[in-house]
Amino acid sequence: MDKMLNAAEKIYGKYRWDRYDLLVLPPSFPFGGMENPRLTFVTPTVLAKDRSLTSLIAHELAHSWSGNLVTNATWNDFWLNEGFTVYFERRIMEELYGKDYADMLQVLGYQDLTNTINDIGAESEDTRLKLDLEGRDPDEGLTDIAYEKGNFFLRHIENTVGREKFDAFVNNYFNTFAFQSTNTDKFLDFLRAELIKGDAELAEKINIEGWVYTPGLPQGVKVPTSTRFAKVEEAFQSWKNGKPAAQLSIKDWSSHEWLHFIRMLPEQMSQQQMAEVDKAFNFTNSGNSEVLAAWFIHAIRNNYTTADKAMDTFLTNVGRRKFLVPIYKALVATPEGKKKALAIYAKARPNYHAVSTVTLDEMLK
């Protein structure tokens, strides 16, 4: 954490809150983290025994600037908190572990963003950065649009004007609006005044209208790539072409590489294929919550009952909504799965936070 704080200060100036502490909350905590000034509340699912999920800590620390120092005035402007924070989080991770590492996070984030846009619908107004939540539950705006589309908009600006210029602008933004609330209009006015400065060609390249007020993603978005993931893709292709899973070159893979590998697995797999990769990589008994949650989706789709006990344990001991919703959603897709889901939910529900049960009650009727 000291290294993260030093990296953050190097990029965007002095930490203004005196102390930074972490409190690991009980398993029922429904979020990854909550960035209270000076004291971040964090999920126990961040504990993976190998520090592989610490980008979450970088994220909550980054909120000490974007979210706590400068705060969105309304939930319609939520992207100002989360988009900036995802962007800053990955800059911290790049500073600590190098560009190759940060690139993996960008690719996974882009996958999450495109999945969210497909789920919501590319023409939906809820895929704009500036939302309209009038008369609705603000929770409906807590999607990857604010986080990842916001991040990729800021990366787009950085790529357009250069990192040095963009960092100077962001520092200026944080200092100008320190300890204040702001909104999308104020931020965009500041962007036009301090960075675009009447340059029509630059304004066209940055494309505020396309990013902030238009659904979906603008044309020509730079899709992130990862050299480390390219090696994962090679290994996956080898397996697909018949090489035994146990013989794949997987030395020193991080949880991000494993997650990328699992996301590439075919939706339909034979019991033999499921058992082979599970035996080779021990997915069912992983101590990593991200890997487990992704694996359980495949286990459900392919009726791989070997994972049932581990999934039952996971769902009764983890309350983080990010993991619960996709797993229960996959279960209720079939009558047999729904029976399983209801049986687990009856046991697990008393231990879940209301934020999770409101969503799951509706899903499970």
Quiz item: In debye to the nearest 20, how big a dipole does the stretch 1-117 give about its Cα centre with +1 on each Lys and Arg Cβ and -1 on each Asp and Glu Cβ?
Solution: 240
Quiz item: At a 1.4 Å probe, what is the % contribution of carbon and sulfur to the accessible area of the stretch 35-137?
Solution: 47
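For the chain, give the share of DSSP beta bridges that are antiparallel, in percent and rounded to the nearest 5; count only bridges with both residues there.
About 35 percent, rounded to the nearest 5.
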Practice problem: Rounding to the nearest 20 debye, state how big the charge dipole of the stretch 162-214 is about its Cα centre with +1 on each Lys and Arg Cβ and -1 on each Asp and Glu Cβ. | Solution: 120
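Could you give the length gained on full extension between residue 139 and residue 234, defined as 0.36 nm per residue of separation minus the Cα-Cα distance, in nm?
Extending this stretch completely gives an extra 30.3 nm.
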Practice problem: Please list, or write none, the aspartates and glutamates whose alpha carbon is within less than 14 Å of the alpha carbon of residue 49, excluding same-chain residues fewer than 8 places away. | Solution: 290
Self-check item: Approximate spin-label separation residue 317-residue 118, in nm, with each point projected 7 Å along Cα-to-Cβ
Solution: 3.2
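Among 84-95, 258-269, what's the highest-first ranking by average C-beta atoms within 10 angstrom per residue?
Most protected by this proxy first, the peptides run 84-95, 258-269.
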Exercise. Using the structure shown, list the pairs from 322/365; 14/197; 309/339; 149/205; 99/322 with a Cα-Cα distance above 23 Å, or answer none.
Key: 14/197; 99/322
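Once you charge only the Cβ atoms, +1 for Lys and Arg and -1 for Asp and Glu, what is the size of the charge dipole of the chain about its Cα centre, to the nearest 20 debye?
1040
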Quiz prompt | Shape category assigned to the stretch 37-188 from the gyration tensor of Cα positions, a/c cut at 1.5 | solution = rounded
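The values are calculated or read from the model by the stated rules, or taken from the named source; none is laboratory data. Here the structure is a predicted model, which is why all the values come from computation and not from measurement. So basically every Cβ, Gly included, is an ideal-geometry build from the backbone, and we count neighbours across all protein chains shown. What goes into the accessible areas is simple: the full protein's heavy atoms, side chains included, and nothing from ligands, DNA or RNA. Shrake-Rupley method; radii C 1.70, N 1.55, O 1.52, S 1.80 Å.
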